[in-house]
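Read the structure below first, then the notes.
Just so you know, all these numbers are worked out from the coordinates, no wet-lab data involved. On a predicted model such as this, the values are computed, not experimentally measured, just so you know. Cβ placement follows ideal geometry from the backbone for every residue including glycine, while neighbour counts extend to all protein chains displayed.
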């Protein structure tokens with residue numbers, strides 16, 4: 001079955017062009033022209049990916065992303081932004097976005113990002129059905145659920161994918177370049193703080209003391225290592 005994608009974009013010409021291109025690529029597409037309609041559709045539908053413009057009428061894209069994550073949905077989210085400042089990219093990643101594309105963009109670049117996200121979406125069957133445990137954390141790879149002290153931990157799709165990769169490679173020092181390639185699906189020319197931001201979020205949610213991590217440790221000058 002074709003993947004379902006929701007496009008939330010207030011600029012009509014771009015919304016139509018993007019929807020048409022996605023349909024030509026055999027995706028099932030729904031769209032919304034403002035933030036409130038977009039959030040309503042995102043929460044009501046079972047989408048495989050969301051594309052959210054940042055600057056939307058009635059409700060901003062960042063707010064939609066935050067509300068979707070607070071609702072416990074791990075659907076991959078791509079943000080479309082006319083801003084290229086690092087602070088905006090970091091903010092989007094911190095509130096649960098999985099990727100971003102800065103306007104104006106080449107359609108082929110966006111298609112590549114979409115394909116990379118969908119290939120690694122947590123809805124895909126993992127190669128390990130075991131429930132993993134470390135500290136007070138339990139990870140169900142098939143159910144794509146994470147709990148800490150018995151409470152559900154809401155993760156973005158990228159956070160879950162990164163966590164899964166760490167869990168499947170315990171004790172291995174993983175460079176940012178390797179993580180970008182294996183988890184994000186594109187090369188190290190991408191925004192280099194992407195890995196750092198997502199790793200910091202995992203520490204905040206899963207470590208007892210995020211400032212003194214026990215499980216997701218930094219290997220100075222080399223990358224990160226997961227120590228269950």
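State the dimensionless ratio Rg/Rh of the range 131-226 (Rg: radius of gyration of Cα atoms; Rh: Kirkwood radius).
Details: Rg = 12.8 Å, Rh = 13.6 Å.
On the Cα set of the range 131-226, Rg over Rh gives 0.94.
Helix 12-24 against the longest principal axis of the chain: what's the angle in degrees, Cα atoms only, rounded to the nearest 10?
70
Note the angle between two axes, namely the Cα long axis of helix 157-168 and the longest principal axis of the Cα atoms of the chain, as a number of degrees from 0 to 90, rounded to the nearest 10.
30
Arrange 155, 73, 43 by Cβ neighbour counts within 10 Å, fewest through most, would you? Before the final figure, lay out the partial values.
Working: 155 25, 73 18, 43 13.
Exposure proxy ranking, most exposed first: 43, 73, 155.
If contacts are Cα pairs under 8 angstrom and at least 6 residues apart, what is the relative contact order of the chain in percent?
Relative contact order of the chain: 14 percent.
Would you mind listing how long the range 4-119 runs along its three principal axes, going by Cα atoms, in whole Å with the largest first?
31, 31, 29
Which percentage, to the nearest 5, of the DSSP beta bridges contained in the chain is antiparallel? Working shown, then result.
On the way: 15 of 32 bridges.
That works out to approximately 45 percent antiparallel.
Sticking with the crude label model, points 7 Å out along Cα→Cβ, report the distance from residue 82 to residue 26 in nm, one decimal please.
Computed distance between label sites residue 82 and residue 26 equals 3.6 nm.
Give the order of 198, 132, 169 when sorted by the count of other beta carbons within 10 angstrom, beginning with the fewest.
Values: 198 23, 132 18, 169 15.
With the sparsest Cβ surroundings first, the list reads 169, 132, 198.
Roughly speaking, what is the stretch gain from residue 46 to residue 193, that is 0.36 nm per residue apart minus the C-alpha to C-alpha distance, in nm to one decimal? Provide the component values of the computation, followed by the final result.
Working: separation 147, 0.36 × 147 = 52.92 nm, distance 3.02 nm.
Contour length minus the Cα-Cα distance gives 49.9 nm.
Based on DSSP H runs of at least 4 residues, each adding -39500 (n - 2.57), what is the mean residue ellipticity at 222 nm of the chain after dividing by all its residues, to the nearest 500 deg cm²/dmol?
On the way: 8 runs with 85 residues, N = 228.
So the helix-based figure for the chain works out to -11000 deg cm²/dmol.
Using Cβ contacts closer than 10 Å as the measure, can you line up 48, 26, 34 from fewest to most? Working shown, then result.
Values: 48 20, 26 8, 34 15.
Exposure proxy ranking, most exposed first: 26, 34, 48.
With axes computed from alpha carbons, what is the tilt in degrees of helix 61-70 against the longest principal axis of the chain, rounded to the nearest 10 within 0 to 90?
In the chain, helix 61-70 runs at an angle near 50 degrees to the longest axis.
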